[in-house]
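Enquirer: So that we are looking at the same thing, I have put the structure below in structure tokens.
The values are calculated or read from the model by the stated rules, or taken from the named source; none is laboratory data. The structure displayed is predicted, hence computed values, not measured ones. Backbone-built Cβ (ideal geometry, glycine too); neighbour counts: all protein chains shown. In case anyone asks, the SASA skips ligands and DNA or RNA and just uses the protein heavy atoms, side chains included. Shrake-Rupley method; radii C 1.70, N 1.55, O 1.52, S 1.80 Å.
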Amino acid sequence: MGHQAAPPDNQVRVRLFAALREQAGWGEREIRLDTGSASAADLWRQLALEAAPPGSTAVDLPPTIRVAINQAFATADTPLRPGDEVAFLPPITGG
Amino acid sequence: MPTPSPKHPIVVQLLEAPFEPLELLAAWQRSLGAAGTAAESHFIGRVRPTTASGEPLEALELEHYPGMSEAQLRALAGACAARHGAGAVLVAHRVGRIAPGEAIVLVAVQADRRGPALRCVQELLEDLKHHAPFWKREWSGGSGTWVAGNTPL
């Protein structure tokens, strides 16, 4: 259980797509997690891509946005590990 | 997700350039050899010439999540084939900028009977519209609009 494989500073790679990417103005970033045991939902609050409503300090992950961790769908409460690739996916329109 | 067996191959192709669905289909059939199955079902989807709001469409742009999109299409196709007891599956999907009238998606399924072949094609189309990381943007009058949802079945 060593730390040799862990990237420094509790970092994850964040990826945004489509409308979400354009609203944020970026598509891919290395982000250092604020806390040691953060979930994808915690990461979303940390990113603060949207302005918080009055009386609130952070915006929760909207139910329309899906999470993928290391390129597989995951629930928003999945704990993140250093080095994970975390993607926030706006509503899908394929086919 | 079930693991596709060599007997039930899953072929997934993401294409950045225009493709001719019938040529792709013929090549896929040749690759499966002479011993075809009794039933085979196909769907070809093309880009319609108007936007969701009825304006003339210049192009449809398709963004995807490289890596995850291939893996997800493969997993959806394998699961669908297993559910219906179907055999070989082909999924070809365009990405990037696509002109009106061009093919955007081709799905083909082989099975022993028409029911599984037809049902697997329809179900897989719905699956990939909702569970594969693709996003459409309509270009019209020089500006692009992200499509908010899928068209009705």
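Enquirer: How do the pairs read when you match residues in the range A:77-91 that are within 15 Å of A:PRO63 (Cα to Cα) with residues anywhere that are part of a loop (DSSP other than H, G, I, E, B) and open to solvent by 50 Å² or more (accessible area, probe 1.4 Å), using Cβ under 8 Å and keeping only pairs 6 or more apart or on different chains?
Expert: Here the result reads A:ALA87/A:GLN71; A:PRO90/A:THR64; A:PRO91/A:THR64; A:PRO91/B:ALA148, each pair linking the range A:77-91 to a residue that is part of a loop (DSSP other than H, G, I, E, B) and open to solvent by 50 Å² or more (accessible area, probe 1.4 Å).
Enquirer: Another question, if that's okay. Suppose we filter B:HIS130, B:HIS93 for residues that are modelled with pLDDT under 95 and either part of a helix (DSSP H, G or I) or within 10 Å of chain A (Cβ to nearest Cβ) (or both); which single one remains?
Expert: Unique residue meeting the criteria: B:HIS130.
Enquirer: Kindly establish whether B:PRO56 is surrounded by fewer than 16 Cβ atoms within 10 Å (Cβ to Cβ), over 26 Å from B:GLN110 (Cβ atoms) and more than 14 Å from chain A (Cβ to nearest Cβ).
Expert: When the stated conditions are applied, B:PRO56 passes them.
Enquirer: Please state which one of B:ARG113, B:ARG83, B:ARG46 is away from chain A (no Cβ under 11 Å) and over 23 Å from B:ALA26 (Cα atoms).
Expert: Unique residue meeting the criteria: B:ARG83.
Enquirer: Within the range B:104-131, restricting attention to residues that are open to solvent by 30 Å² or more (accessible area, probe 1.4 Å) and closer than 11 Å to B:ALA38 by Cα, which residue is nearest to the chain's Cα centre (by Cα)?
Expert: For the range B:104-131, the residue satisfying everything is B:ARG114.
Enquirer: Conditions first: (1) of a type in the set (Ser, Thr, Tyr); (2) exposed (fewer than 12 other Cβ atoms within 10 Å of the Cβ); (3) more than 11 Å from chain B (Cβ to nearest Cβ). A:THR78 passes all but one, so which condition is the exception?
Expert: A:THR78 satisfies every listed condition except (2).
Enquirer: I'm checking my understanding of the structure. Among residues of the range A:23-47 that are modelled with pLDDT of 95 or more and within 14 Å of chain B (Cβ to nearest Cβ), which one is surrounded by the fewest Cβ atoms within 10 Å (Cβ to Cβ)?
Expert: Selected residue: A:GLU28.
Enquirer: Turning to a different aspect of this structure: Taking the condition of being small (Gly, Ala, Ser) and either over 23 Å from B:ALA52 (Cα atoms) or within 12 Å of chain A (Cβ to nearest Cβ) (or both), how many residues in the range B:133-153 meet it?
Expert: Total satisfying the criteria: 3.
Enquirer: Could we say that A:ASP60 is open to solvent by 70 Å² or more (accessible area, probe 1.4 Å), away from every other protein chain (no Cβ under 14 Å) and at pLDDT 90 or above here?
Expert: For A:ASP60, the condition - open to solvent by 70 Å² or more (accessible area, probe 1.4 Å), away from every other protein chain (no Cβ under 14 Å) and at pLDDT 90 or above - is not met.
Enquirer: Tell me which of these B:HIS42 doesn't satisfy, since it passes every other one: (1) loosely packed, with under 14 Cβ neighbours inside 10 Å; (2) touching a helix residue (DSSP H, G or I) at 6+ places or on another chain (Cβ under 8 Å).
Expert: All conditions pass for B:HIS42, except number (1).
Enquirer: Name the single residue, out of those in the range A:6-22 being over 20 Å from A:ALA72 (Cβ atoms) and out of contact with any Pro (no Cβ under 6 Å at 6 or more places or on another chain), that is surrounded by the fewest Cβ atoms within 10 Å (Cβ to Cβ).
Expert: Only one residue fits best here, namely A:PRO8.
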